[in-house]
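This report refers to the structure that appears directly beneath it.
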Amino acid sequence: MKKIRVAIVGIYLPGIYPRGDNSVVADLLAPAFLKAAADADPEISQKYEINILNLPASLSGEQIALKILDVNPAIIAYSVYIWNYNLVYESSRLIYESQRSLPIIWGGPQVSYNSFEMMKANPQVKMIVCGSGETRFKLLLKTNLQLERLVQIPGITYRDNQGNIKQTEGSIFEDLSKIPSPYQTKTIDLEDNRRHCVFIETARGCLFKCGYCMAKGEQEKGLNLFPIEQILRDIEIIYNRPNVAEVVFTDSCILYNRDRAKLIIEKILSCSRKIPTVFTLDIAFLDEEMVKELSKLQLSHQQFFFGMQSTNKRTLQLMNRRIDTDIFIKKVALLRKINPATEISFDLIYGLPGDNFEIFKETIEFALMLSPIKLNFSPLLLLPGSPFWEKREEYGFVFEDKPPHQVFYNKYFSIEDMEKARTLVLKVILVMYFPAIREIIYKISDQNAIYRRLELIQRLIEIFENTANFSIDGTDKTAQQQDFIKSNNMVKKRIMDQVAQPENCLYAYRATLQLLKEVNMEHLAEDILLGMDYYKTLCSGNVGRGEDIISQKYNSKQIKWIKLNWVVSKSE
């Protein structure tokens with residue numbers, strides 16, 4: 001019997017892990033879990049051939065549609081996230097235009113909490129799976145997508161024969177012990193001669209419910225754990241494979257269950273390969289023992305990064321977060337006590353209710369005083385299913401109608417404040433990409449507390465703009481609101497690519513030297529003079545020749561320290 005062919009489509013952002021390397025394939029977990037669970041069911045495996053298409057977001061919607069149709073599927077299922085929604089929309093629309101009878105299913109966090117509205121806006125979609133997908137996906141396949149049987153499946157939204165949108169009641173709490181490992185079943189093949197970014201999920205859910213974060217799972221609160229034996233076996237497979245370039249743990253924080261965290265770290269350390277690894281960590285759950293354990297691993301770039309978001313007490317109250325500044329000060333001191341060279345970074349959000357531009361500046365200043373190697377900034381996104389989404393009228397949110405639902409402003413954070421925040425963010429980011437210049441900012445304030453770090457950065461950029469003769473402006477006056485996120489990213493890329501030109505890097509170092517003169521701290525200028533020498537050499541002629549000359553004068557560690565570490569965009 002010829003099997004029915006199903007295509008499960010995942011779209012990933014290339015060049016994130018490892019940073020700047022677009023050649024590494026990201027093995028998304030959602031499609032892999034769906035296939036592993038379905039293939040383990042004899043009734044389904046006898047009837048269906050399930051294919052996974054993991055495709056990079058660098059492709060166009062048309063290219064993705066063609067790749068999907070190339071496998072000649074009878075059913076198409078998309079895993080929809082905030083970063084791939086536009087490509088999912090465009091590719092599924094094109095497929096629908098060419099093959100109207102081909103059923104298209106959407107699932108994932110971006111469409112689970114507003115499925116009715118999504119179905120209204122997307123006539124190409126036959127049904128949406130709301131919530132966890134493994135059990136529902138199997139039930140859908142067993143019904144052969146027959147409408148009269150869909151009512152038996154809890155938590156789906158679908159169209160009836162008249163085109164009316166229907167929703168079923170109920171929820172499903174997944175028994176994670178029943179979902180086979182995609183690594184042990186080789187649903188994800190790590191021996192295909194390609195380099196892989198691998199994701200590991202040890203638990204679903206979160207102990208908290210922050211205002212900006214969508215609900216994680218169908219349990220009200222708490223963690224749904226995968227069997228630890230399965231996780232340890234997965235780690236053994238992954239960390240002994242030479243094709244794995246980076247590993248990302250997707251948990252809200254592995255430290256929420258300390259005994260399991262210790263077993264996980266011990267297993268990683270027992271494996272043959274030391275692979276760069278990314279953990280999302282809750283700073284409040286760090287103690288000396290866990291810091292020492294984590295420090296034994298080869299943590300990826302930025303090593304320890306934490307969500308700070310805001311330091312304003314009113315803002316923290318509105319978004320239901322209880323981590324105050326004292327915790328950050330105490331825990332960062334602990335990290336640096338154990339390893340002074342520890343790399344630390346923070347995530348900050350602008351546009352939060354309770355904040356405004358001046359309050360946002362105070363959050364940046366506090367974060368800078370902890371001497372991070374990087375600050376990661378994000379505009380507030382109003383995610384369906386989040387507490388902020390439920391209170392969008394109360395807080396006066398004005399936001400994009402379509403995903404990713406970027407907030408334009410709210411009753412606390414004005415549209416003028418948002419424009420100023422975008423420009424300020426870009427100025428801070430620029431300095432962060434110059435390690436030597438970043439450290440000069442820190443040293444100036446360390447030696448004289450009257451100099452606030454954010455004010456130093458603003459003065460430095462003012463000098464730079466005057467000499468380099470172009471403006472660091474984070475806004476795009478021509479952008480349409482529906483293209484806001486894309487526009488913001490393109491502005492950042494365009495400006496940072498321009499800064500990355502050797503002559504502009506030289507201007508940045510000259511501006512830093514002038515800043516040192518203004519504060520009477522020229523004795524700190526050693527690395528700045530090195531940076532000026534490096535970029536003068538590059539500007540004097542052939543870049544490759546300049547690299548050869550400078551490598552004879554300085555060692556690789558020095559060169560890495562003074563080089564701008566922005567990865568220039570190869571395309572838009």
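The values are calculated or read from the model by the stated rules, or taken from the named source; none is laboratory data. These figures come from a predicted structure and were not determined experimentally. All Cβ positions, glycine included, derive from the backbone under ideal geometry; neighbour counts span all protein chains shown. What goes into the accessible areas is simple: the full protein's heavy atoms, side chains included, and nothing from ligands, DNA or RNA. Shrake-Rupley method; radii C 1.70, N 1.55, O 1.52, S 1.80 Å.
Between the range 1-59 and the range 243-317, what is the separation of their alpha carbon centroids in Å? The two parts, judged by their Cα centres, are 26 Å apart.
Expressed in nm², what is the orientationally averaged projection area of the convex hull enclosing the Cα positions of the range 177-291?
Numbers: hull surface 31.8 nm².
Quarter of the Cα hull surface area: 7.9 nm².
Pairs of Lys residues in the range 111-200, spaced 8 or more positions apart or belonging to different chains, with C-alpha separations under 27 angstrom: 13 in total. The number of Lys pairs in the range 277-395 with C-alpha atoms less than 27 Å apart, excluding pairs fewer than 8 positions apart on the same chain, is 20.
Quick check on the chain: helices-only [θ] at 222 nm, where DSSP H runs of length 4 and up contribute -39,500 (n - 2.57) each and the sum goes over total residues. Nearest 500, please.
-13000 deg cm²/dmol
With +1 on each Lys and Arg Cβ and -1 on each Asp and Glu Cβ, how big is the dipole of the chain about its Cα centre, in debye rounded to the nearest 20? Intermediate results must be reported in sequence, preceding the final value.
On the way: 71 positive and 69 negative charges, 112 e Å.
With only Lys, Arg, Asp and Glu charged at Cβ, the dipole is about 540 debye.
Taking T512, T187, T280 and ordering them by how much accessible surface each has at a 1.4 Å probe, largest first, produces T280, T187, T512.
Ordered by 1.4 Å accessible area with all protein chains kept, R100, R258 run largest first as R100, R258. Seen through its C-alpha gyration tensor, with square-root eigenvalues sorted a ≥ b ≥ c, the range 382-422 comes out oblate because a/c lies at 1.5 or above while a/b is not bigger than b/c.
Nearest 5 percent is fine: what portion of the DSSP beta bridges confined to the chain is antiparallel? Write out the running numbers ahead of the final one.
Numbers: 13 of 56 bridges.
Restricted to the chain, the bridges split so that about 25 percent are antiparallel.
Counting only DSSP beta bridges with both residues in the range 1-70, the antiparallel share comes to about 0 percent. Surface calculation, 1.4 Å probe, protein heavy atoms: D21 sits at approximately 40 Å² accessible. On full extension, the segment bounded by R322 and S414 gains 30.6 nm, given 0.36 nm per residue less the C-alpha separation.
With R₀ fixed at 56 Å, the C-beta to C-beta distance from I4 to L207 puts the FRET efficiency at about 0.85. Accessible surface of C539, taken over heavy atoms with a 1.4 Å probe and every protein chain present, rounds to 60 Å². About the centre of its Cα atoms, the range 83-234 shows a dipole size close to 240 debye [charges on the beta carbon of Lys, Arg (+1) and Asp, Glu (-1) only; nearest 20 debye].
Computed log10 I(q)/I(0) for the chain at 0.08, 0.11 Å⁻¹: -0.60, -1.14, from the Debye equation with unit scatterers placed on every C-alpha and solvent omitted.
The smallest convex shape that holds all Cα atoms of the range 225-285, its convex hull, gives 82 Å³ per residue.
Set the Förster radius R0 to 35 Å, insert the Cβ-Cβ distance between E148 and D189 as r into 1/(1 + (r/R0)^6), and round the FRET efficiency to 0.05. Don't jump to the answer; show the numbers that get you there.
Numbers: r = 38 Å, r/R0 = 1.09.
Here the calculated transfer efficiency is 0.35.
Within the assembled protein chains, the solvent-accessible surface assigned to S112 is about 20 Å², based on a 1.4 Å probe.
Shape class of the range 288-375 from the Cα gyration tensor (axes a ≥ b ≥ c, square roots of the eigenvalues): prolate, since a/c reaches 1.5 or more and a/b is larger than b/c.
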